[in-house]
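Novice: What follows is a structure written as structure tokens; I'll ask about it next.
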2 protein chains.
Amino acid sequence: MRDRKTKFIIIIGCGRLGSELAIKLSKNHNVVVIDKDETSFERLTKRNFIGFTRVVDTNDMAALKDLNIDKADMIYIVTPDDNLNFMLAYGIREINEEIKLAARVNDPLKKAIFIKANVNLFCPIEDSVNQLVEELDKVDEKI
Amino acid sequence: MRDRKTKFIIIIGCGRLGSELAIKLSKNHNVVVIDKDETSFERLTKRNFIGFTRVVDTNDMAALKDLNIDKADMIYIVTPDDNLNFMLAYGIREINEEIKLAARVNDPLKKAIFIKANVNLFCPIEDSVNQLVEELDKVDEKI
């Protein structure tokens, strides 16, 4: 029986963000990382990644269905392509709307579309901007 | 007389992060955005940016010296190139070690080098990973 604390996590996109996330989560969870490009997994094999990788055409929803996404506790959609991320999030919810997912939005101007579709999103650029503005407030305090 | 609350800010790198930061800060501060590629400023001209842009070879420290960086309250170094960001941060501090700056590190593995050189850094990838791990904790609570 699988420990309830150990989760089955799918990460779509093995770029810099996806690979770092995979390495961190694979310490405590069952992680499958998906990318269309096999060489992207080099980011994992060079480090302490304990999990599975699968080369899948991320544009092929049928291929994604074969990945047991139904059983995932969480799916992270973190490719650099906002349109693909949106399509994937939307398509996965069509398969099973109960699946928890988080989709990356790179372009803050596209955020509204994700929100309107009720897709759980995160926007690294916006988070960085907020963090950097806070840095400026620290300068304020010193003046 | 310049309002003490209004600051002179230099942003080096007008990619997605640099441009969003520039748009936000330009509402309240004097902002100069620098990039080696003039077309990158299109990200600003299409939006509500109220500030200055300058095409400068970011690899040319002498050209950067001409930008009154000495007078900046804050310099954000946010190009996508970690090596350039490190060199710029280091070089700017050589000119004036009192200047407040924040340099972007894209590769978490390079973070240690910035820390060792005592360069104020931020690492968007790492911040995103932490945020996404928190999303997983939310799933935990629901189980």
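The values are calculated or read from the model by the stated rules, or taken from the named source; none is laboratory data. Source: prediction; values computed, not measured. Backbone-built Cβ (ideal geometry, glycine too); neighbour counts: all protein chains shown. Ligands, DNA and RNA are stripped out before the accessible areas are found, and what is left, the full protein with its side chains, is counted by its heavy atoms. Shrake-Rupley method; radii C 1.70, N 1.55, O 1.52, S 1.80 Å.
Novice: Please check chain A for the longest run free of GluC sites (Glu not before Pro) that are loop-located per DSSP (anything but H, G, I, E, B) and have at most 14 other Cβ atoms within 10 Å.
Specialist: A:1-96
Novice: Going down the list A:K24/B:K138; A:K7/A:K27; A:K110/B:K100; A:K27/A:K110; B:K27/B:K100; A:K100/B:K111, which pairs span over 23 Å between their C-alpha atoms?
Specialist: A:K110/B:K100; A:K27/A:K110; A:K100/B:K111
Novice: What number, rounded to the nearest 500 deg cm²/dmol, is the helix-based mean residue ellipticity at 222 nm of chain A, given -39500 (n - 2.57) per DSSP H run of at least four residues and division by all its residues?
Specialist: It lands at -12000 deg cm²/dmol.
Novice: Can you tell me the alpha carbon radius of gyration of the protein assembly as shown divided by the globular rule-of-thumb value 2.2 N^0.38 Å?
Specialist: 1.10
Novice: Now for a different question. When chain A is modelled as a GNM with alpha-carbon springs shorter than 10 Å, which of A:S26, A:S40, A:S128 fluctuates the most?
Specialist: It is A:S128.
Novice: Could you do me a favour and compute the accessible area per residue for chain B, 1.4 Å probe, result in Å²?
Specialist: Ligands and nucleic acids excluded, the figure is 54 Å² per residue.
Novice: Please work out the ratio of the alpha-carbon Rg of segment A:44-117 to 2.2 N^0.38 Å and round it to two decimals.
Specialist: Expressed relative to 2.2 N^0.38 Å, the Cα Rg reads 1.17.
Novice: Based on the inverse mean of 1/r over its pairs of different Cα atoms, what is the Kirkwood hydrodynamic radius of chain B, in Å?
Specialist: Final number for the Kirkwood radius of chain B is 16.2 Å.
Novice: Connecting C-alpha atoms closer than 10 Å in a GNM of chain A, tell me which of A:I50, A:I12, A:I95 has the biggest fluctuation.
Specialist: It is A:I95.
Novice: At a threshold of 8 angstrom on Cα-Cα distance, excluding pairs fewer than six apart, so keeping six or more, what relative contact order does segment A:50-143 reach in percent?
Specialist: Computed over segment A:50-143, the figure is 21 percent.
Novice: How about segment A:39-143: which trypsin sites (Lys or Arg not before Pro) there are in a DSSP loop, with at most 14 other Cβ atoms within 10 Å of their Cβ?
Specialist: Answer in residue order: A:K46, A:R47.
Novice: At the nearest 100 Å², what buried accessible area, both sides summed, do you get for B and A when the probe is 1.4 Å?
Specialist: Buried area (both sides, nearest 100 Å²): 3600 Å².
Novice: Calculate the mean, over all residues of peptide A:130-137, of how many other protein chain Cβ atoms lie within 10 angstrom of the residue's Cβ.
Specialist: 5
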